[in-house]
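I have placed the structure first, in the form of structure tokens, so that the comments after it can refer back to it.
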Amino acid sequence: MPLTTLPTYADVEAAAATLAGAAHRTPVLTSRRLDALVGARLLLKAEHLQRVGAFKFRGAFTALSAFDEGQRRAGVVAYSSGNHAQAVALAARELGIPATIVMPHDAPRLKVEATVGYGARVVRYDRYTQDREEIGREIARGSGATVVPPYDHPHVIAGQGTAARELVEDAGPLDVLVTPLGGGGLLAGSVLAVRALCPQARVYGVEPAAGDDARRSLEQGRIVHIDTPVTIADGAQTQHLGELTFPILRSGVDAVVTATDEELVAAMALVAGTLKQVVEPTGVLGLAAVLSGAVPVQEGERVGVVLTGGNVDPERYGQLLGYNRSNDEAVV
Ligand SMILES: *Cc1c(COP(=O)(O)O)cnc(C)c1O
């Protein structure tokens, strides 16, 4: 498949075959308490329990599996705030491909350590002043390595789409599907799966309120570029949709809505309390928007929500949930 061709549902099915035995088939979580709060049946796809702790393993493994012999030898370059980095690093190790990962200086420590732990070479950059795509391309020029971008790539989109495909296969047809949204790889893949498997379902993407470029892009009919948004949702600090993700979103998404950092923290706390699960800020974007009413759901609807990742430093997680007491304060 040429890398500029829009992927189709057939590519999602091919990705599912590639991922069988390589990626986890993550569970679908439910909670009567959450259902009561929103007045609908929530079906939560637990991609924070995916390998590397995020759905990104699906796209990365799918893309690297399509490398030819020369590409495998020359290696892979990826730029990412974390989860795509870890995903490419692990997929590369499993497939015997050398990996270089370009990561921002302020990426969560856990994500950087994990990436190094998978055997990748890590190159750091400043998220607010340097262009990671340019750095990635320079490394690729020097080494002949192949750049695998985090979302604007047909195999990556197809791989990400397998999460929604499994959700429908395991939980049954949906009335609504909601996913977090950064560059749109997950949402584009989800559109392909849902439009093929339950075409009547409404599909929503949720991006951070601080960076609503995708909502504006769909409104204006062109890819809107913004400065790196300042938000705790570090997995969705993207500046623009992709050349491939935008047209797919345009054709298949009902609406893009937003969630504030406060809403993300409230959703993380609720997930901890009800599901006993640790989900990172970006990972609860979809759920937060259902809870806030930004995503409209009707009484009794079957609402699929992707919990996308769980990679948050424990200290940071405690801080966000408000449990970081100072030493002289007794914690009972
Ligand atoms: C990358 C990421 C997203 C956003 O995915 P896109 O394909 O860029 O839209 C959402 N949640 C988590 C945890 C991520 O790592």
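The values are calculated or read from the model by the stated rules, or taken from the named source; none is laboratory data. On a predicted model such as this, the values are computed, not experimentally measured, just so you know. In this analysis, Cβ positions are derived from the backbone assuming ideal geometry, glycine residues included, and neighbour counts consider all displayed protein chains.
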Under 8 Å by Cβ, and 6 or more places apart or on different chains, what pairs join a residue from segment 276-287 that is touching a residue at least 40 places away in the same chain (Cβ under 8 Å) and closer than 13 Å to Glu207 by Cβ with one that is near the ligand (Cβ under 9 Å from one of its atoms) and assigned to a loop (DSSP other than H, G, I, E, B)?
Pro281/Ala233; Thr282/Gly182; Thr282/Ala233; Thr282/Thr308; Leu285/Leu181; Leu285/Ala233; Leu285/Thr308; Gly286/Thr308
Breaking point among (1) more than 11 Å from the ligand (Cβ to nearest atom); (2) touching a residue at least 40 places away in the same chain (Cβ under 8 Å), for Ala236
(1)
Say whether the condition of being surrounded by 14 or more Cβ atoms within 10 Å (Cβ to Cβ), within 16 Å of the chain's Cα centre (by Cα) and among the hydrophobic types (A, V, I, L, M, F, W, C) is met by at least one residue in segment 292-300.
no
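Just a yes or no: is a residue in segment 138-148 without any contact (Cβ under 8 Å) to a residue 60 or more places away in the chain, over 21 Å from the mean Cα position of the chain (by Cα) and more than 17 Å from Gln71 (Cβ to Cβ)?
yes
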Within segment 7-40, considering residues that are of a type in the set (Val, Ile, Thr) and not in a helix (DSSP H, G or I), the one surrounded by the most Cβ atoms within 10 Å (Cβ to Cβ)
Thr26
For segment 106-124, what are the residues that are modelled with pLDDT under 90 and either over 24 Å from Leu320 (Cα atoms) or out of contact with any Asp or Glu (no Cβ under 6 Å at 6 or more places or on another chain) (or both)?
Asp106, Ala107, Lys111, Val112, Glu113, Ala114, Thr115
When (1) within 23 Å of Ala164 (Cβ to Cβ); (2) within 16 Å of the ligand (Cβ to nearest atom) are applied to Pro108, the one that fails is (1)
Considering only residues of segment 117-132 that are more than 11 Å from Thr228 (Cα to Cα) and among the basic types (Lys, Arg), which is surrounded by the most Cβ atoms within 10 Å (Cβ to Cβ)?
Arg132
Unmet requirement for Gly283, which otherwise passes all of (1) of a type outside the set (Lys, Arg); (2) modelled with pLDDT of 95 or more; (3) over 16 Å from the mean Cα position of the chain (by Cα):
(3)
Only one residue in Gly300, Gly283 is on the phi > 0 side of the Ramachandran plot and touching a strand residue (DSSP E or B) at 6+ places or on another chain (Cβ under 9 Å), so which one is that?
Gly300
Complete set of residues in segment 301-316 that are modelled with pLDDT under 95, surrounded by fewer than 20 Cβ atoms within 10 Å (Cβ to Cβ) and either within 16 Å of the ligand (Cβ to nearest atom) or over 18 Å from Ala233 (Cα atoms) (or both)
Asp313, Arg316
